[in-house]
Amino acid sequence: MEKILVGLKRVVDYNVRVRVKGDGSGVETEGVKMSINPFDEIALEEALRIKERGEANEVVIVSIGSGDAQQQLRTGLAMGADRAILVETAEAPDPLSGARALLEIVKRENPELVILGKQAIDDDNSQTGQMLAALWDRPQATFASKLEFDGNSARVTREVDAGLDIIEVDLPAVVTADLRLNEPRYVKLPDIMKAKKKPLDQVPLAELSVPDSPAIAEKNFEPPAARERGIMVDDVAGLVSALKDKGLL
Amino acid sequence: MAKVLLIAEHDGTSLNPNTAKCIACAAQIPGAEIDVAVFAETAGDIAAEAATLDSVARVLSSEGEAYRGALAAVLAPQIVKLADGYEYIFGPSTTFGKDLMPRVAALLGVNQISDLMSVEGERTFKRPIYAGSAVVTVEVPGGVPVIATVRTASFRAVAGGNSAPVEALDLAAEMPDHTRFIASETGKSDRPDLQSASRVVAGGRALGSEENFDLIYKLADRLEAGIGASRAAVDAGYVPNEMQIGQTGRIIAPDLYIAIGISGAIQHLTGIKDAGTIVAINKDEEAPIFEVADIGLVGDLFSVVPELTEALN
Ligand SMILES: Cc1cc2nc3c(=O)[nH]c(=O)nc-3n(C[C@H](O)[C@H](O)[C@H](O)COP(=O)(O)OP(=O)(O)OC[C@H]3O[C@@H](n4cnc5c(N)ncnc54)[C@H](O)[C@@H]3O)c2cc1C
Ligand SMILES: Nc1ncnc2c1ncn2[C@@H]1O[C@H](COP(=O)(O)O)[C@@H](O)[C@H]1O
């Protein structure tokens, strides 16, 4: 195929212990480490491997968000992407607006394959890929753990609750990456230098004329209900009797 | 009256227990009138099962070969055909619902609420974000349908005993042929299903090998428990992926959960926080799992677990 498009979202790093702001207006993101959404790193790694196998010619990465997302796009270029597009807007959009913006990029770029993450680990929405596929009227293969190509179609193994499903989709298609699809490579210093010269185009979101979508209002943020710290037992006998006390044995 | 369309999940022969939990969620909407839609190759038995569930007004059933494998690209246009007049369209927050519902939402031009965990009002709900590190209260604007996936671990299944009418649907949405179901590889097991088991025993990276996981199986057999695992254990190949519990695995709410050699990463904890009693066995007294455990035991699993299995004899 000619081109693969990969979505990279800038999110709070998965190692950060996220805290809710005291006034309930959001979560603390000030001064917190930001990274490429882990599933998107996997999506990009897969695209790069497909290209390295000679099954694709170009890998284009796209992020929708503030200018800060350039950092994550540079990292993506250092991993090996050929070109980056930043769709600029004050903050990352809701999934439907995001999917609509991605659709505009898809119309410009005409990729045979779009690989997104299965979910962004900030809002945990898991919607964008499915929505893009719907709006584009193309197949979706979500939660992918294996991808193989055969001419104009792809065979995708999907991780589902009951085990694995295998489906076949005609290209172009949208695939969303699950954790076990691959293990992303580490970026090497010389690649970071080289990435500085790769093209990074900026497009204001407004220029894509995405219609307004009925946003879901976020009214209040709170910490999850805490579980009370329980008891410690010394040995197996203590455990068995504690379970009996609770009526669990 | 608030009309709810609820998409049933099934395995081709019987209804998935998550459906009854989604119904419990929908029933909390003020004035809810709940229709359950069943799309299946052969829908009869599944629809009949859905009709027995409390709070169900009608079961709508649609049959066809194209429904094999529950492909979102096939189902979503059918649901959109049905959607007119429904104020709410709900599905479970399982891989089935997560795959399907956003496709429906996009075709209807609305956003979706993912992992709805509580109903706070007609259009106000709560949902977890950041792997459960925060809970956000969300409100859907008026004039558009509320599309949601329901975090089933947050709800107790409705009872049976109902006999709702079943109506056959005659839908005519075009069936796409760009997506084809090939096969399912599901681990056949006689053990209780992880998601509905009242007891679950889970092992982590500390087990060290597929063979050593036998310790977990033996304890689970003694307790008639379902079996789970951390992502680390799945990634290491000790057990298949369907056993993974957590943010990117299954979300469970058993009465008893026993975590063995699992450190308690936030991504794991989000999958078990609704468990009745959490037991942790870990050799590191500083392991974060002890912060959420109701009963903790510091010790080497390789001696503690066989001893516990023996003690339950
Ligand atoms: C985007 C993302 C999503 C993720 N989703 C999930 C998910 O859904 N589910 C999930 O589980 N993880 C998930 N993870 C991974 C998670 O962050 C942790 O890496 C993982 O849960 C660790 O698994 P573990 O507890 O088995 O291993 P470890 O963290 O290595 O812990 C092993 C524990 O075993 C103890 N131990 C060692 N030897 C013994 C012994 N002999 N006896 C007793 N105790 C012993 C140790 O003290 C330690 O606490 C995700 C990560 C990311 C980035
Ligand atoms: N702002 C964004 N920029 C680029 N890609 C995004 C953005 N938001 C979501 N995506 C992609 O869509 C996937 C699913 O996101 P979500 O639906 O928000 O869980 C992510 O893993 C990304 O690949």
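The values are calculated or read from the model by the stated rules, or taken from the named source; none is laboratory data. From a predicted model like this one, the values you see are computed outputs, not experimental measurements. Heads up, the Cβs are rebuilt from the backbone with ideal geometry, glycines too, and the neighbour counts pull from every protein chain shown. To get the accessible areas, we keep the full protein, side chains included, count just its heavy atoms, and leave off ligands, DNA and RNA. Shrake-Rupley method; radii C 1.70, N 1.55, O 1.52, S 1.80 Å.
Measure off, as a whole percent, the carbon and sulfur share of the 1.4 Å-probe accessible area of the protein assembly as shown, all protein chains present.
On the way: 10400 of 22810 Å².
It is 46 percent, rounded to a whole number.
Over all residues in A:11-22, what is the mean tally of Cβ atoms on other chains that come within 10 Å of each residue's Cβ? Walk me through the intermediate numbers first.
Numbers: counts 1, 2, 0, 6, 2, 3, 3, 7, 3, 6, 1, 0.
Mean number of neighbouring Cβ atoms from other chains: 3.
In a shell of Cβ-Cβ distance under 10 Å around B:PRO17, excluding B:PRO17 itself, what net charge do Lys and Arg (+1) and Asp and Glu (-1) give? Write out the running numbers ahead of the final one.
Values: positive: B:LYS21; negative: B:GLU9, B:ASP193.
Local net charge: -1.
Per residue of A:223-235, count partner chain C-beta atoms within 10 Å of its C-beta, then hand back the mean as an integer.
6
If you build a Gaussian network model of chain B, linking Cα atoms that sit under 10 Å apart, which residue out of B:GLU185, B:GLU33, B:GLU65 swings the most?
Among B:GLU185, B:GLU33, B:GLU65, the largest GNM mean-square fluctuation belongs to B:GLU185.
Counting Lys and Arg as +1 and Asp and Glu as -1, each charge on the Cβ, what is the dipole of the range A:157-228 about the Cα centre in debye, to the nearest 20? Working shown, then result.
Working: 10 positive and 14 negative charges, 146 e Å.
With Lys and Arg at +1 and Asp and Glu at -1, about 700 debye.
Report, in cubic angstrom per residue, the convex hull volume of the C-alpha atoms of the range B:2-168. Before the final figure, lay out the partial values.
Details: hull volume 17.0 nm³, N = 167.
Output value, Cα hull per residue: 102 Å³.
Angle, helix A:38-52 long axis vs. longest principal axis of chain A, Cα atoms, 0 to 90°, nearest 10?
Result, in degrees: 40.
How would the range A:3-222 be classified by its alpha-carbon gyration tensor: rounded, prolate or oblate, with rounded meaning a/c under 1.5 and the a/b versus b/c comparison settling the rest?
Values: a/c = 1.41, a/b = 1.25, b/c = 1.12.
Here the range A:3-222 falls in the rounded category.
Using a 1.4 angstrom probe and counting only protein chains, how large is the accessible area of A:LYS21 in Å², to 10?
Number for this one is 70 Å².
For the range B:110-163, what class follows from the C-alpha gyration tensor (a ≥ b ≥ c being the square roots of its eigenvalues): rounded when a/c is under 1.5, otherwise prolate if a/b is larger than b/c, else oblate?
Since a/c reaches 1.5 but b/c is at least a/b, the shape of the range B:110-163 is classed as oblate.
Per-residue ellipticity at 222 nm for chain B, helices alone: DSSP H runs ≥ 4 residues times -39500 (n - 2.57), over residue total, nearest 500 deg cm²/dmol? Let's see the in-between values first.
On the way: 8 runs with 72 residues, N = 313.
That calculation yields -6500 deg cm²/dmol at 222 nm.
Evaluated at 37 °C with a viscosity of 0.692 mPa s, what Stokes-Einstein diffusion coefficient in µm²/s does chain B have when Rh comes from the Kirkwood expression over alpha-carbon pairs?
Values: Rh = 20.6 Å.
Result for D is 159 µm²/s.
For the pairs A:LYS244/B:LYS98; A:LYS118/B:LYS81; B:LYS188/B:LYS283; A:LYS188/A:LYS219; A:LYS118/A:LYS196, flag any whose C-alpha to C-alpha distance is greater than 31 Å.
Values: A:LYS244/B:LYS98 39 Å; A:LYS118/B:LYS81 27 Å; B:LYS188/B:LYS283 33 Å; A:LYS188/A:LYS219 43 Å; A:LYS118/A:LYS196 28 Å.
Result: A:LYS244/B:LYS98; B:LYS188/B:LYS283; A:LYS188/A:LYS219 exceed 31 Å.
Averaged over its residues, how many other protein chain Cβ atoms are within 10 Å of peptide A:210-220's Cβ atoms? All intermediate terms of the calculation are to be shown ahead of the outcome.
Working: counts 0, 1, 0, 6, 9, 5, 16, 7, 6, 7, 7.
Partner Cβ neighbours, averaged per residue: 6.
What is the Cα centroid distance between the range A:57-120 and the range B:213-244, reported in whole angstrom?
That distance is 37 Å.
So which of A:LYS146/A:LYS197; A:LYS9/B:LYS273; A:LYS33/A:LYS198; A:LYS9/A:LYS197 end up more than 23 Å apart, counting from Cα to Cα? Let's see the in-between values first.
Working: A:LYS146/A:LYS197 32 Å; A:LYS9/B:LYS273 27 Å; A:LYS33/A:LYS198 25 Å; A:LYS9/A:LYS197 21 Å.
The pairs that break the limit, which is 23 Å between Cα atoms, are A:LYS146/A:LYS197; A:LYS9/B:LYS273; A:LYS33/A:LYS198.
First obtain the Kirkwood hydrodynamic radius of the range A:29-72 from its Cα pairs, then insert it into the Stokes-Einstein equation at 10 °C and 1.306 mPa s, and state the resulting D in µm² per second as a whole number. Intermediate results must be reported in sequence, preceding the final value.
Numbers: Rh = 12.1 Å.
In µm²/s, the coefficient is 131.
Total Å² of accessible surface buried at the A-B contact, 1.4 Å probe, nearest 100? Intermediate values should be presented prior to the final figure.
On the way: alone 14710 and 15050 Å², together 22810 Å².
Roughly 7000 Å² of accessible surface disappears when A and B pair.
Among rounded, prolate and oblate, which fits the range B:199-312 when a ≥ b ≥ c are the square roots of the eigenvalues of its C-alpha gyration tensor, a/c under 1.5 means rounded, and a/b larger than b/c means prolate? Walk me through the numbers before you get to the answer.
Values: a/c = 1.24, a/b = 1.10, b/c = 1.13.
It is rounded, given that a/c, with a ≥ b ≥ c, falls under 1.5.
With a 10 Å cut-off between alpha carbons and a GNM built on chain A, which of A:VAL175, A:VAL236, A:VAL87 moves the most?
For chain A, modelled as a Gaussian network with Cα springs under 10 Å, the answer is A:VAL236.
Using the crude model of +1 on Lys and Arg Cβ and -1 on Asp and Glu Cβ, and no other charge, please compute the dipole size for the protein assembly as shown relative to its Cα centre, in debye to 20.
On the way: 55 positive and 84 negative charges, 211 e Å.
Dipole of the protein assembly as shown, to the nearest 20 debye: 1020 debye.
Which whole-Hz couplings ³J(HN,Hα) result when phi for each residue of the range A:210-220 is put into the Karplus expression 6.51 cos²θ - 1.76 cosθ + 1.60, θ = phi - 60°, listed in order with x for Gly and Pro?
7, x, 5, 10, x, 6, 8, 6, 9, 8, 7
Any idea what angle helix A:70-79 forms with the longest principal axis of chain A, computed on alpha-carbon atoms, 0 to 90 degrees, nearest 10?
80 degrees
Students often forget the sequence filter, so: which aspartates and glutamates lie under 13 Å Cα-Cα from A:LYS194 once same-chain residues fewer than 8 apart are removed?
Qualifying aspartates and glutamates at Cα under 13 Å: A:ASP82.
For the range B:18-52 and the range B:61-127, what is the separation of their C-alpha centers, rounded to whole Å?
What the calculation gives is 13 Å, centre to centre.
With chain B treated as a Gaussian network of Cα nodes joined by springs under 10 Å, which of B:MET243, B:MET175, B:MET101 yields the largest mean-square fluctuation?
Result for chain B, Cα springs under 10 Å: B:MET175 fluctuates most.
Per 5 Å bin, what is the whole-percent P(r) computed from every C-alpha pair distance within the range B:166-247?
3, 13, 19, 18, 12, 7, 7, 8, 7, 5, 2
Among the DSSP beta bridges whose two residues both lie in chain B, what percent are antiparallel, rounded to the nearest 5? List each step's numbers first, then the result.
Numbers: 9 of 56 bridges.
Percentage antiparallel, nearest 5: 15.
In units of 2.2 N^0.38 Å, what is the alpha-carbon radius of gyration of the protein assembly as shown? Don't skip to the end; give the middle numbers.
Working: Rg = 23.4 Å, N = 562, 2.2 N^0.38 = 24.4 Å.
Here the answer is 0.96, to two decimals.
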